[in-house]
Structure formats: structure tokens, C-alpha cells
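Engineer: Handing you this structure, nothing more for now.
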Amino acid sequence: MMRVLLVSLFAFGFLGVAQILELAGLDWSSDGTSLVLVAKNQIYFAPTPAFAELRPLYPGMDTDWVRFGPGNWFVFPSPVEGGFALWRGFPEGREPELLYQSTRSISWPTVSADGEKVAFVEDWTDLVVLDLVKGEAKVVLGGSWFKATPEFLPTGQALLFSGLWPQGEELGWEIFYLDLRSLDLMQLTSDAFFNWCPRVSPDGQWIAFVSNRGGAPDIWVLSLLDGSLFPLTQDPWEDGFPSWSPDGGEVGYASLRLEGWQFLRVKAD
């Protein structure tokens with residue numbers, strides 16, 4: 001029930017590649033040249049940072065999330081017989097590489113800047129880091145509370161993520177910081193709003209994330225240095241899936257307009 005409700009926040013139907021009315025996942029490559037996205041459980045690759053020339057990849061492998069690694073590859077989860085699998089995919093469409101398999105659900109994988117680790121959420125509650133060099137997976141944060149949309153800091157020594165946390169008598173999605181060496185946990189937001197999908201700037205100092213604190217879901221930026229917070233977008237549209245440009249000067253994001261989802265950019269300074 002909870003998963004259906006959350007996914008519905010970003011799902012609105014699909015009317016062909018030219019007009020995207022459903023968007024479940026989006027990422028901008030670290031070199032700023034291309035996009036990868038998920039619409040109606042199908043992966044699409046765009047060779048430019050725009051929703052043009054979209055090319056479908058891996059038909060029949062249903063997914064609801066995709067993230068670039070460094071270089072020319074990306075990760076995505078997919079259900080398989082007996083459970084779920086985590087895959088490495090390639091824009092040219094060559095056979096995907098199986099990275100990890102589980103009887104439990106695998107959600108929201110993300111790749112470290114050096115490409116050596118993948119973090120994801122297993123069965124909604126366990127935050128897992130997979131070491132691709134050693135081939136070992138480790139639960140770095142458990143507990144019964146829901147976790148989502150992890151993001152490595154550039155050093156690979158910490159994770160950001162969204163967590164469903166009590167706010168008085170209610171539950172709300174907040175942004176958290178987990179040190180992977182000490183396993184110390186820090187709560188970065190504490191409010192009654194929906195805070196989702198944190199993405200860190202290349203210099204590791206700023207977090208772009210989705211929040212409805214201004215009304216409609218907009219892109220906000222939080223400083224990891226002093227905790228200051230400001231909006232990058234303030235409009236009546238559904239804005240989501242923020243991604244930073246290579247130099248950190250822009251944030252790309254998807255916005256659901258009357259004509260469907262569009263990929264837009266806004267200056268971050």
C-alpha cells in the first residue's frame with residue numbers, strides 16, 4: 001500500500017516517447033552529455049540532456065528507477081524469478097550485467113563517484129552498500145522505519161537518504177546523513193513537509209532535493225556547511241528528480257507541465 005502511494009506521486013500515465021506523462025526515475029550523466037530515465041517501467045536513453053531522441057533499452061526488464069555510474073553505464077533494479085536483481089546497463093544496449101540478487105525487493109540504487117560501490121534499499125527498511133570490487137553486500141542501516149533514494153557523497157564515505165520518520169503524531173519523509181565509517185546518523189530536515197530524493201553537488205557542499213514546503217513539489221537546496229535552505233524552483237508544477245551539472249553551477253530537474261514532463265535547468269548560485 002505505502003509503495004503504491006509513493007510511486008503514484010510521480011506517475012501519471014504515458015502517451016508515447018514524444019509526450020512523457022509518467023516518469024518514475026531520471027538521471028543526468030556526470031559529464032552532462034546525456035539522460036537516462038524510466039517511463040512506464042521502461043528504460044530510455046537520451047544522447048543529449050533533453051527529452052529528445054529517446055531510445056528504449058532492455059524491453060521486457062521492468063524497472064522503476066535508474067541512476068548513472070561514472071562513465072558509460074547505469075544501474076537499475078528489476079524483478080526476476082524468485083525475487084529481485086540489481087543490474088548494470090549500458091546505453092548501447094549490450095547485455096546487462098547482474099550485480100546482485102535477493103529474495104527481497106531492491107529499490108533506488110545509486111553509484112559512488114568512483115564506481116566501486118552501489119547503495120540501495122532492500123525491502124524498504126535496510127540500507128545496503130554493495131562493494132563491486134569485493135562482491136560483498138553489507139547492511140549499513142537497518143531498523144523497521146522506511147528508507148528511500150540513497151545518494152553517495154563524492155568521497156564515498158557517507159550517504160544521504162530519505163527516511164520516513166515520526167513528526168509528532170504523524171510520519172514524514174526527512175533527509176538524513178549517514179557516516180559510513182562511524183555509522184553515525186544525522187537528521188538534516190525536521191518538519192511536516194515531504195522531503196525526497198536528495199542529490200549532492202560535485203563539491204559535496206550542497207544538497208538538492210524535492211520538497212512541498214512551498215506548496216507544490218519544488219526543488220530546494222540545503223547547505224551541508226551551515227544548514228541554510230532556499231528554493232531553486234517556485235511554480236505550480238510537479239518538479240522532481242534533481243541532478244547537478246558537472247561544474248555544480250546548475251541543477252537539472254524534471255517538471256510536469258501541461259504538455260508532459262520536461263527536463264529543465266536552473267542556476268544553483
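The values are calculated or read from the model by the stated rules, or taken from the named source; none is laboratory data. Every value quoted in this text rests on a predicted model; they were computed, and no experiment measured them. Note that each Cβ is placed from the backbone with ideal geometry, even for glycine, and that neighbours are counted across all protein chains shown.
Engineer: Specify the residue that is nearest to the chain's Cα centre (by Cα); the eligible residues are those in region 172-185 that are more than 18 Å from Ser107 (Cβ to Cβ) and surrounded by 11 or more Cβ atoms within 10 Å (Cβ to Cβ).
Structural biologist: Going through the qualifying residues, I end up with Tyr177.
Engineer: Quick test for you: out of Leu180, Leu171, Leu127, Leu160, pick the one residue that is among the aliphatic types (A, V, I, L, M), modelled with pLDDT under 95 and closer than 20 Å to Cys197 by Cα.
Structural biologist: Checking each option against the conditions leaves just Leu171.
Engineer: Let me ask another. Inside region 244-269, can you point out the residues that are hydrophobic (A, V, I, L, M, F, W, C) and in a strand (DSSP E or B)?
Structural biologist: Trp244, Val251, Ala254, Leu256, Trp261, Phe263, Leu264, Val266
Engineer: Also, I was wondering about something else. State the number of residues belonging to region 137-156 that are within 19 Å of Leu86 (Cα to Cα) and among the hydroxyl-bearing types (Ser, Thr, Tyr).
Structural biologist: Going through region 137-156 one residue at a time, the tally reaches 1.
Engineer: Ok, one more. Residue under question is Phe193, and the condition is that it be touching a residue at least 40 places away in the same chain (Cβ under 8 Å) and of a type in the set (Phe, Trp, Tyr); does it hold? Write out each step before concluding.
Structural biologist: On the way: touching a residue at least 40 places away in the same chain (Cβ under 8 Å): no; of a type in the set (Phe, Trp, Tyr): yes.
Answer is no for this residue.
Engineer: Another question, if that's okay. Kindly list the number of the only condition in (1) touching a Gly at 6+ places or on another chain (Cβ under 8 Å); (2) surrounded by 21 or more Cβ atoms within 10 Å (Cβ to Cβ); (3) not hydrophobic (A, V, I, L, M, F, W, C) that fails for Thr110.
Structural biologist: Of everything listed in (1) touching a Gly at 6+ places or on another chain (Cβ under 8 Å); (2) surrounded by 21 or more Cβ atoms within 10 Å (Cβ to Cβ); (3) not hydrophobic (A, V, I, L, M, F, W, C), Thr110 misses just condition (1).
Engineer: I've got another one for you. Looking only at region 129-154, count every residue that is outside any strand (DSSP E or B) and buried (at least 17 other Cβ atoms within 10 Å of the Cβ) and tell me the total.
Structural biologist: 3
Engineer: Using the structure shown, decide if Phe10 is outside any loop (DSSP other than H, G, I, E, B) and either at pLDDT 95 or above or assigned by TED's automatic domain parsing to the domain that holds Leu160 (or both).
Structural biologist: Values: outside any loop (DSSP other than H, G, I, E, B): no; either at pLDDT 95 or above or assigned by TED's automatic domain parsing to the domain that holds Leu160 (or both): yes.
When the stated conditions are applied, Phe10 does not pass them.
Engineer: Going through Thr63, Thr103 one at a time, which residue ends up being assigned by TED's automatic domain parsing to the domain that holds Gly156 and farther than 15 Å from Asp27 by Cβ?
Structural biologist: Every option except Thr103 fails the conditions.
Engineer: Further question: Using beta carbons and a limit of 7 Å, which pairs, at least six apart or on different chains, have the first residue in region 79-99 and closer than 25 Å to Ala46 by Cβ and the second one part of a strand (DSSP E or B) and among the acidic types (Asp, Glu)?
Structural biologist: These pairs meet every condition: Trp87/Glu97; Arg88/Glu97.
Conditions tested, residue by residue: (1) assigned to a strand (DSSP E or B); (2) more than 17 Å from Val251 (Cβ to Cβ); (3) touching a residue at least 40 places away in the same chain (Cβ under 8 Å).
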{"residue": "Thr189", "(1), (2), (3)": "no, yes, no"}
{"residue": "Cys197", "(1), (2), (3)": "yes, no, yes"}
{"residue": "Asp203", "(1), (2), (3)": "no, no, yes"}
{"residue": "Val221", "(1), (2), (3)": "yes, no, yes"}
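Engineer: If I filter region 79-90 for residues that are out of contact with any Asp or Glu (no Cβ under 9 Å at 6 or more places or on another chain) and at pLDDT below 90, do I get at least one hit? Spell out the reasoning first.
Structural biologist: As a first pass, look at region 79-90 and keep what is out of contact with any Asp or Glu (no Cβ under 9 Å at 6 or more places or on another chain): 80-83, 85-86.
With the extra rule that they be at pLDDT below 90, the set shrinks to none.
No, region 79-90 has no match at all.
Engineer: Based on this model, can you work out whether Glu169 counts as under 24 Å from Ser211 (Cα atoms), crowded, with 21+ Cβ neighbours inside 10 Å and among the acidic types (Asp, Glu)?
Structural biologist: The answer is no for Glu169.
Engineer: What's the total number of residues in region 133-152 that are in contact (Cβ under 8 Å) with a residue 60 or more places away in the chain and more than 23 Å from Pro202 (Cα to Cα)?
Structural biologist: Counting residues in region 133-152 that are in contact (Cβ under 8 Å) with a residue 60 or more places away in the chain and more than 23 Å from Pro202 (Cα to Cα) gives 1.
Engineer: Which one of these is assigned to a strand (DSSP E or B), without any contact (Cβ under 8 Å) to a residue 12 or more places away in the chain, outside the structural domain of Val118 (by TED's automatic domain parsing) and not hydroxyl-bearing (Ser, Thr, Tyr): Phe230, Phe241, Phe209? Write out each step before concluding.
Structural biologist: Details: Phe241 fails: without any contact (Cβ under 8 Å) to a residue 12 or more places away in the chain; Phe209 fails: without any contact (Cβ under 8 Å) to a residue 12 or more places away in the chain.
Exactly one of Phe230, Phe241, Phe209 is assigned to a strand (DSSP E or B), without any contact (Cβ under 8 Å) to a residue 12 or more places away in the chain, outside the structural domain of Val118 (by TED's automatic domain parsing) and not hydroxyl-bearing (Ser, Thr, Tyr), namely Phe230.
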